[in-house]
Ligand code: ZN
Ligand code: ZN
């Protein structure tokens, strides 16, 4: 078998290896059996439990005030709200559809368990957008928003770029394309959502669309686990297959990240057009580059933008935390109605 070949996980494999020492993330000989007391990757079990504890129901967050707020939002903010939702609808739909293909090449059952929960959570995110669009905007507007992903030229171009790496792997599965697809997932979870999320937090900080921001917090809490999942997938891949990371792989990964950063920044600028209080082109630029540096360092790569070491919107991190939501400020029910997460994210990240 050549170093570039990647084997699809066999569905029925009675001759698979049961010993966890032989287990590998890709190109292993897995039985596919979930033997959760015989695991190799501890991080996967920790994550699985954290993901399950995050279970939430979008309709439990009231959005009545958002429907009233939306009607009196300035046009620039309405436009931003619509476009960001439409982009998020696309990203979550894409993830739900693509993850099973990616997982079919993963030969570690405990990692597949996490990917299955992730797929389910991305579907819950789609449910939340459906609920938001049913409650906050008119049926006519909802219809438009659902179609922006291909009718808005800017969004269409972005979505082509994002999807092309997934499609490349689906059409030509190889170890190289698997690594690139893992990186694309990691970037999607760790960079692409963030301009959009911060847009909602900026609005909510001014007391607008607070229910939507609450939905977004729960979504972001899930996305954080997906980010950590792909971080671990990536680091495990490198540990088990160092030979795949030679040659021009580092440059290819870095160029994926730098393209993503440019696209995310220009998208953010397209959304805000200097029309949202507290969010400027410059802050957004610094924020996305800062995030990219953090994401790279978590997978053992040098920062692309060494001059951007500080978080330019520190408040976003506090504001986005589900567990720090004050009930008197938001109309939502008391914070953290789900079980508290047992994971120390600083350690995992
Ligand atoms: Zn999602
Ligand atoms: Zn996700």
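One residue stands out among those in the range 116-134 that are more than 19 Å from the chain's Cα centre (by Cα) and surrounded by fewer than 19 Cβ atoms within 10 Å (Cβ to Cβ): the one that is farthest from residue 197 (Cα to Cα), which is 134.
Each residue in the range 195-217 was checked for being out of contact with any helix residue (DSSP H, G or I) (no Cβ under 6 Å at 6 or more places or on another chain) and within 14 Å of ligand 2 (Cβ to nearest atom), and 0 of them qualify.
Based on what the data block shows, is residue 193 within 16 Å of ligand 1 (Cβ to nearest atom) and at pLDDT 95 or above? It is false that residue 193 is within 16 Å of ligand 1 (Cβ to nearest atom) and at pLDDT 95 or above. The single residue among 145, 132 that is more than 16 Å from ligand 1 (Cβ to nearest atom), under 19 Å from residue 89 (Cβ atoms) and assigned to a helix (DSSP H, G or I) turns out to be 145. For the range 108-127, indicate whether the set of residues that are out of contact with any strand residue (DSSP E or B) (no Cβ under 7 Å at 6 or more places or on another chain) and closer than 19 Å to residue 78 by Cα is non-empty. The answer is no; no qualifying residue exists.
Results for (1) farther than 30 Å from residue 22 by Cβ; (2) within 12 Å of ligand 1 (Cβ to nearest atom); (3) not in a helix (DSSP H, G or I), shown as yes or no for each residue.
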position: 81; (1), (2), (3): yes, no, no
position: 93; (1), (2), (3): yes, yes, no
position: 119; (1), (2), (3): no, yes, no
position: 124; (1), (2), (3): yes, yes, no
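Of the residues making up the range 95-115, those that are in a helix (DSSP H, G or I) and away from ligand 2 (no atom under 13 Å from the Cβ) are 100, 101, 103, 109, 110, 111, 112, 113.
With respect to being closer than 22 Å to residue 178 by Cα and touching a helix residue (DSSP H, G or I) at 6+ places or on another chain (Cβ under 7 Å), residue 47 fits the description.
Each residue in the range 8-58 was checked for being loosely packed, with under 14 Cβ neighbours inside 10 Å and part of a loop (DSSP other than H, G, I, E, B), and 15 of them qualify.
The values are calculated or read from the model by the stated rules, or taken from the named source; none is laboratory data. Source: prediction; values computed, not measured. Positions of Cβ are backbone-derived with ideal geometry, glycine not excepted, and every protein chain shown enters the neighbour counts.
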